[in-house]
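Novice: Sending over a structure as structure tokens; questions will come in a sec.
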Amino acid sequence: MKAAVLVIDMLNDFVKGSLKVAGADEIVPRIRELLAWAREKGMPVIYANDAHIRGVDAELKLWGQHAIKGTWGAMVVEELKPEEGDFVVEKRRYSAFFGTDLDLLLRELGVDTLILTGLVTNVCVQHTAADAFYRGYKLIVVSDCCTALTDEDHEMALEYMRRVYGAEVKSAREVMEGI
Ligand code: ZN
């Protein structure tokens with residue numbers, strides 16, 4: 001097994017800006033710890049970031065302006081800033097695979113397992129999990145490194161990914177301790 005950690009939409013707009021997710025602040029230090037662990041092990045760290053085109057992208061009509069490409073809102077929060085050797089994929093839809101070269105990147109890196117973290121559990125994380133499942137990747141969803149607008153949304157999405165995509169749902173501690 002070769003795993004990569006995917007960090008989805010840990011952007012200023014979702015953590016502190018126009019589309020702030022309550023509870024996003026709390027997962028930042030745990031993701032930070034998980035990323036330090038991954039880099040230490042030489043495991044690829046890949047950011048999948050919304051980078052919307054103003055006035056064009058369909059998501060903006062549903063959710064309002066957020067993560068407009070090139071703005072502060074579309075930048076990864078300072079505490080989780082990508083480091084040298086990390087990878088960044090820009091996306092315009094919920095899924096990190098749709099219209100991006102993530103699949104190509106993962107294949108070239110020889111990755112077969114994705115460790116999913118970020119925002120929000122039942123939208124971008126879940127849609128990314130679906131696309132990963134279709135492409136044959138194994139999935140680990142880190143339950144305390146994701147969050148959603150409500151606890152119910154979060155819990156339902158974790159259960160859905162476990163049941164429908166065969167994802168393992170683990171805490172950051174369990175991932176780092178290899179449990
Ligand atoms: Zn978006």
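Novice: Can you figure out the FRET efficiency of residue 109 with residue 36, using R₀ = 22 Å and their beta-carbon distance, to the nearest 0.05?
Specialist: E(calc), rounded to 0.05, equals 0.70.
Novice: Carbon and sulfur together cover what percent of the accessible area of region 3-178 at a 1.4 Å probe radius?
Specialist: The C+S portion of the solvent-accessible surface of region 3-178 is 51 percent.
Novice: Also: Where does helix 151-165 land angle-wise versus the long Cα axis of the chain, in degrees 0 to 90, nearest 10?
Specialist: Long axis of 151-165 versus the principal axis of the chain: about 50 degrees.
Novice: Applying a 10 Å radius around every beta-carbon, put 94-101, 21-28, 77-84 in order of their mean neighbour count, most first. Each step should come with its number before you reach the end.
Specialist: Working: 94-101: 18.9, 21-28: 16.4, 77-84: 13.1.
Order by mean packing, descending: 94-101, 21-28, 77-84.
Novice: Restricting to Cα pairs below 8 Å that are 6+ residues apart, what does the relative contact order work out to for the chain? Please round to a whole percent.
Specialist: After rounding, I find 26 percent.
Novice: By its C-alpha gyration tensor, with a ≥ b ≥ c as the square roots of the eigenvalues, how is the chain shaped: rounded for a/c under 1.5, else prolate for a/b larger than b/c, else oblate?
Specialist: On the way: a/c = 1.33, a/b = 1.28, b/c = 1.04.
Verdict is rounded for the chain.
Novice: Oh, and also: Sum up the lysine pairs in the chain that clear both bars: alpha-carbon distance under 25 Å and a spacing of 8 or more or different chains.
Specialist: Lysine pair count for the chain: 25.
Novice: Taking only protein heavy atoms into account and a 1.4 Å probe, give the accessible area per residue of the chain in Å².
Specialist: For the chain, the solvent-accessible area averages 48 Å² per residue.
The values are calculated or read from the model by the stated rules, or taken from the named source; none is laboratory data. Remember, it's a predicted structure, so these values are computed and weren't measured experimentally. Heads up, the Cβs are rebuilt from the backbone with ideal geometry, glycines too, and the neighbour counts pull from every protein chain shown. Remember, those area values only see protein heavy atoms, side chains included, never the ligands or the DNA or RNA. Shrake-Rupley method; radii C 1.70, N 1.55, O 1.52, S 1.80 Å.
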